[in-house]
Amino acid sequence: MTQTREDVPLIFERSQPGRRGVTPPVTEGAPLETLLGREHLRSEPPRLPEVSELDLVRHYTNLAHRQFSIDGNVYPLGSCTMKYNPKVHEEAASLFSDVHPEQDDGSVQGTLGLLWHLARDLSEITGMDQVTLQPAAGAHGELTGILMIRAFHEANGEGAQRRTVIVPDAAHGTNPATAGMVGYDVVEVPTGEDGEVDVGALRAALGPDTAAVMLTNPSTVGIFEGRILEIAEAAHAVGAQVYYDGANLNAIVGKARPGDMGFDVVHLNLHKTFTTPHGGGGPGTGPVGVKAHLAPFLPGPVIEREGERYVVQEDRPNSVGRMRSHHGNVGNLVRAYAYIRSLGPDGLADVAEKAVLNANYLRKRLEEQGFSMAYDRTCMHEFVAQPPGELRTLDLAKALLDEGMHPMTVYFPLVVKEAMMVEPTETEALETLDAYAEALGRVTRRAQQDAEWLAGAPYMTPVRRLDEVLAARTPILRWTPSEAVDAVQGEAAD
Amino acid sequence: MRYTPHTEQDVAKALDVIGVDDVNALFADVPSELLDPVIDIPEGRDEVRLLQDLKALARQDDTTSPHFLGGGVRRHFIPTVTRHLAMQSEFVTSYTPYQPEVSQGMLQATFEYQTVMAELTGLPISNASMYDGATSVAEAALLAVRATKRNRIVVSRGVHPQSREVLATYVAPLDVRVDVLDLEDHVTPVPGDLSDVAAVIVQSPNHLGAIETLPPFGRAAREAGALFVTVSDPLALAVLTSPGEAGADIAVGDGQTLGVPQQFGGPHFGFMVVTEPLLRQLPGRLAGQTVDADGRRGFVLTLQAREQHIRRGKAKSNICSNHQLAAVMATINVAALGPQGLREMAEGTVRNAHALAERLEREGFDVLRGSAPIFAEFSLAVPRDPKTIRRELHAKGVRAGLPIPSEYGLGDAILLTATELTETHEVDALVSALKEVTS
Amino acid sequence: MNIPESLRYARTHEWISELEADVYTVGISDFAQDQLGDVVFVELPTVGDTVSAGDAVAVVESVKTASDIYAPVSGTIEAVNDDLESAPEVINEEPYAGGWLFRIKPEDASQRDDLLDAEGYRAVCEEES
């Protein structure tokens, strides 16, 4: 990232009436008024940017320079798995970008075959029996999974009886939000002193009304739920299903499988564990794996192999129904396939081992810098630290930006005060982790000396600390020409 | 391949700092019977072998034949510069902009995106994207149920069948009824009593390609206290009546036609744009303008208290990851082409679609058009099962023949699509292939 | 920390006034507004709604949090503080005056007696801070 402090105008503010960028092929013919009728045409054209191609290139190049990225520096957001996204995956995805989703099966055997093999690979990696590739994101996978669990209970005549979903208090917000979308009541169970879910409280919450238990393992505080087999057994004993939130699979990929732990449904975040790029917030991709008893409820369509041919199977009478258009985020599915086929089983286990090694190494390095750990034990791929003394996590995060490094996830999970959730991932070198710990130590020591400096940080970033209260109280959510005029006049008046 | 940087010395150093002898000691919390299962997938391979394998697969896909498929995903011109700029590694490899001071690039691009969508739809408030068109339809219905506290949805059969399927999936667990309005003469009749209806949902151009007359739906919904939801093709909005002009409360749709590759159906992006009163009900992320400590303009994610990471069980939706990069790609594409370029593409699409329909009529085929005008697509009667026709057309080297479902009551029929890229030789190939498979 | 003696308090940090013309006024405490930070939006109940003690009837949002506000007693919503829609910051500035949220006509005015007095509430705040 270039540390430029110059303002970048909006693309709309660069617009000059009549200026053109790229011209598309032009088809001569009758005017639209004749072909469509005036009543179907908009009364005024949309006010869209009119810029040259070079204007455009400069604009979005400059915006890119004002954007922190994993390609730029370490980005250890806990629970987000910001690992390196290999460039060869981009090449791989571009090979499959011009296929239309409604082509006859016979003309898309390459894509269909790739998807079929990917689903099989993911089944194998998670220890599940079948996988759907449809869901567009982790949360969308959760919705798919919980809908399938609901359909399963309905099919067993227990739909009316099973009304609750149990989640730990440290769970990702998507877990209760998903349960809410499916009409379930959410029961939260506490996290114990050791960072694992309170199994006693979980057992007490289980009952004939429980539809599902949703767990992340390792949990959102980076601790493996060591009693997972017991938890799954207890849930199954009351007829509940056990759901695996795959956000933290990077800790155990290739080393242990949710399917072997007793989970009935698993969603994966391909944009985390399987390194499809985050793209500034998406697209993600959230395949869902199930055990055989839930397979009839998988969303349609599914891709099946018939002899040497791959076919799209749409006839699924017990399915929860379609979750989205077409087959999934195929561009990302291709990237994930490339990753799995590059690494193989040993390479995947190496991912988990190095992710856990790096997290524990950085945990020690941060302890040396005076940070305390919310749970003082070996962590998996991430850990939750707390700042020394009375310092606030938010301030330290802002100060760290001036060191050219991205802060960890802050204030999550909610159960830890001033939480700093750190996930370095396996692709960072130890020197980078050393530098990160030293930078955090440096800003912490200065913060302890100079509260005023801390409150004003950051100083070097393209913009300084932003007024989020103003943004929320007086929302400005789009550019408008009149406002631009007002702003100019305001400046003139100054 | 490995992307882990650790040398043997690194591993030894790290273990020493941590204070354990072996990496496996770090997995001590995992019950031993779970550790190190056999995972039956192929061994890893180097980049050369990997690309060879992928190219071998890609060669089995037809990506070059004459192309007449649509139904929500179309082949349009995408300038080289669009992909180049959208795929800059800073955009591609960044996370959700939780630290706005170092994320102004993505946040400003998102603010520009929201403005583009507001301009195209004629409605004021766009979120920062949904997954796709189908899920945006479902989320619009849920929004309407929340906002009106009514539980009946009326949806036109002209809404893409897949969108209606997703809508059915999303409302299945809820106490919400969905009624479908049959088309008459290829367009949706304005329904009568909407007094208990949360939303009436109409797509234009609809699944048969016909352009709906939208304003009467807006008026009927307003009078009955229902919300009017339009499902739009954003490229068409460069020239067609905007949802805002038609009195829509919520405009949704799939953004693929704004410069996102077909990619076998994804990732594209969905959009959702609403009126002011619905702001607080809007699911998904929003970028907002504010000022920094020096009073300079900057952008942040805002109104996050609606979202799952804060509201948890009471969030407006569980959506977290959106389709940010595809939305930014569309923004860049719109700016690359400008209003004039988009208009020319829309014009080319309309002209080529009309020319294709006329050519087929001249050749003696049974083009099924109602009295409403078409935008990019229309249906064509075929003498046999449309899936068979599609297979046979593909076998003759023409990508055409999207089957029209029987629910439309058109008999055996296929949907044909043209865009500004449709060429005369493609049309000739289609005509000749159609003659062979239908004779 | 400002905890007026004349008010009663819920453990969930709502205050409730003394009865005035058969109606109680409800808001959030100084402690609560301080914990929330800058309030950016308030979602108020609908006048005429009948609510039970403990029902979530309003939401107070800051930038990073949204807090449900629970009815401290059962009754009918008589009025809401519409001014907060354009000026939510008043909750931070005057939590016990201009920042009131709604007025409720109680079913049983004695329900207020079940709530904490200032001393009891101070103990709750000290526990949580």
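Scanning region B:1-59 for residues that are of a type in the set (Asp, Glu) and touching a residue at least 24 places away in the same chain (Cβ under 8 Å), which turns out nearest to A:VAL334 (Cα to Cα)?
If we filter region B:1-59 for residues that are of a type in the set (Asp, Glu), which is where we start, we get B:8, B:10, B:16, B:21-22, B:29, B:33, B:36, B:40, B:43, B:46-47, B:53.
Still in the list and also touching a residue at least 24 places away in the same chain (Cβ under 8 Å): B:46-47.
Working: B:ASP46: 16, B:GLU47: 15 Å.
Among them, the one singled out is B:GLU47.
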Got a sec? Which of A:GLU423, A:GLU428 is closer than 28 Å to A:GLU468 by Cα, open to solvent by less than 40 Å² (accessible area, probe 1.4 Å) and under 24 Å from the mean Cα position of the chain (by Cα)? A:GLU423
Residue among A:VAL351, A:VAL320 that alone is under 25 Å from the mean Cα position of the chain (by Cα), modelled with pLDDT of 95 or more, among the β-branched types (Val, Ile, Thr) and under 30 Å from A:PHE383 (Cα atoms): A:VAL351
Among residues of region C:19-39 being touching a residue at least 60 places away in the same chain (Cβ under 8 Å) and closer than 19 Å to C:ALA109 by Cα, the residue most open to solvent (accessible area, probe 1.4 Å) is C:ASP22
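Determine whether A:GLU308 is more than 22 Å from the chain's Cα centre (by Cα) and without any contact (Cβ under 8 Å) to a residue 24 or more places away in the chain.
yes
Among the residues of region A:107-126, which ones are in contact (Cβ under 8 Å) with a residue 12 or more places away in the chain and either facing chain B (nearest Cβ under 7 Å) or farther than 28 Å from A:SER79 by Cα (or both)? Break it down stepwise before answering.
Initial filter on region A:107-126 (in contact (Cβ under 8 Å) with a residue 12 or more places away in the chain): A:109-119, A:121-123, A:125-126.
Matches in region A:107-126: A:GLN109, A:GLY110, A:THR111, A:LEU112, A:GLY113, A:LEU114, A:TRP116, A:ASP121, A:ILE125.
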Matching option when the condition is on the phi > 0 side of the Ramachandran plot and more than 7 Å from every other protein chain (Cβ to nearest Cβ), among A:SER15, A:SER79, A:SER52: A:SER79
Consider B:GLU184 against the criteria (1) open to solvent by less than 60 Å² (accessible area, probe 1.4 Å); (2) out of contact with any helix residue (DSSP H, G or I) (no Cβ under 9 Å at 6 or more places or on another chain): it satisfies all of them except one. Which criterion is unmet? (1)
What single numbered condition from (1) in contact with a strand residue (DSSP E or B) (Cβ under 7 Å, 6 or more places away or on another chain); (2) touching a residue at least 60 places away in the same chain (Cβ under 8 Å); (3) open to solvent by 30 Å² or more (accessible area, probe 1.4 Å) fails to hold for C:ILE16? (3)
Kindly indicate whether any position in region A:353-373 is facing chain B (nearest Cβ under 8 Å) and under 30 Å from B:GLN52 (Cβ atoms). yes
Given the condition in a loop (DSSP other than H, G, I, E, B), touching a residue at least 12 places away in the same chain (Cβ under 8 Å), hydrophobic (A, V, I, L, M, F, W, C) and farther than 30 Å from A:GLU50 by Cβ, answer yes or no: does some residue in region B:141-162 qualify? yes
Reported set for region B:187-215 where residues are in a loop (DSSP other than H, G, I, E, B), crowded, with 23+ Cβ neighbours inside 10 Å and among the hydroxyl-bearing types (Ser, Thr, Tyr) is B:THR188
Residue satisfying all of: in region B:88-120; outside any helix (DSSP H, G or I) and facing another protein chain (nearest Cβ under 7 Å); farthest from B:ARG391 (Cα to Cα) among these: B:GLN99
Can you name the residue in region A:268-290 that is hydrophobic (A, V, I, L, M, F, W, C) and closer than 15 Å to A:ALA338 by Cα and is also nearest to the chain's Cα centre (by Cα) among such residues? A:LEU270
Given (1) more than 23 Å from B:ILE310 (Cβ to Cβ); (2) within 14 Å of another protein chain (Cβ to nearest Cβ); (3) modelled with pLDDT under 95, where does C:GLU20 come up short, assuming only one miss? (2)
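Which of the helices (runs of 4 or more DSSP H) found entirely inside region A:1-102 contain at least 3 residues meeting this: farther than 28 Å from A:PRO277 by Cα?
Values: elements: A:32-36, A:53-65, A:88-94.
Those helices (runs of 4 or more DSSP H) span A:32-36.
Got a number for residues in region A:229-261 being in a helix (DSSP H, G or I) and either over 19 Å from A:GLY347 (Cα atoms) or not small (Gly, Ala, Ser) (or both)?
From region A:229-261, those in a helix (DSSP H, G or I) are A:229-237, A:249-251, A:258-261; that's our starting set.
With either over 19 Å from A:GLY347 (Cα atoms) or not small (Gly, Ala, Ser) (or both) added as a condition, the list becomes A:229-237, A:249-250, A:258-261.
Matching residues across region A:229-261 total 15.
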Condition first: open to solvent by 20 Å² or more (accessible area, probe 1.4 Å) and in contact with a helix residue (DSSP H, G or I) (Cβ under 9 Å, 6 or more places away or on another chain). Can you find one or more residues in region A:283-294 that meet it? yes
Looking only at region B:16-54, count how many residues are more than 7 Å from every other protein chain (Cβ to nearest Cβ), within 19 Å of A:PRO258 (Cβ to Cβ) and charged (D, E, K, R). 1
Any idea which of (1) crowded, with 20+ Cβ neighbours inside 10 Å; (2) facing chain A (nearest Cβ under 7 Å); (3) on the phi < 0 side of the Ramachandran plot is the one B:ARG74 doesn't satisfy? (2)
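So, in region C:40-93, exactly how many residues are of a type in the set (Ser, Thr, Tyr), open to solvent by 50 Å² or more (accessible area, probe 1.4 Å), part of a strand (DSSP E or B) and out of contact with any Gly (no Cβ under 6 Å at 6 or more places or on another chain)? Please lay out each step first, then the result.
Narrowing region C:40-93 to residues of a type in the set (Ser, Thr, Tyr): C:46, C:50, C:52, C:62, C:65, C:67, C:70, C:74, C:76, C:86.
Within this subset, residues satisfying the condition of being open to solvent by 50 Å² or more (accessible area, probe 1.4 Å) are C:46, C:50, C:52, C:65, C:70, C:86.
Retained after the next criterion (residues that are part of a strand (DSSP E or B)): C:50, C:70.
Checking the rest, the ones that are also out of contact with any Gly (no Cβ under 6 Å at 6 or more places or on another chain) come to C:50.
Adding up the residues that qualify gives 1.
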So which strands (runs of 3 or more DSSP E) stay within region B:251-368 end to end and still have 2 or more residues that are without any contact (Cβ under 8 Å) to a residue 12 or more places away in the chain and either within 30 Å of B:PRO79 (Cβ to Cβ) or more than 7 Å from chain A (Cβ to nearest Cβ) (or both)? none
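This table checks each residue for (1) assigned by TED's automatic domain parsing to the domain that holds A:LEU414; (2) over 26 Å from B:SER103 (Cα atoms); (3) out of contact with any strand residue (DSSP E or B) (no Cβ under 6 Å at 6 or more places or on another chain).
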site	(1), (2), (3)
A:TYR75	no, no, yes
A:THR81	no, no, yes
A:SER97	no, yes, yes
A:GLN103	no, yes, no
A:GLY110	no, yes, no
A:LEU143	no, yes, yes
A:ILE146	no, yes, yes
A:ILE149	no, yes, no
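The values are calculated or read from the model by the stated rules, or taken from the named source; none is laboratory data. Just so you know, these numbers come straight off a predicted model, no measurement behind them. Positions of Cβ are backbone-derived with ideal geometry, glycine not excepted, and every protein chain shown enters the neighbour counts. Surface areas here come from the heavy atoms of the whole protein model, side chains and all, with no ligands, DNA or RNA. Shrake-Rupley method; radii C 1.70, N 1.55, O 1.52, S 1.80 Å.
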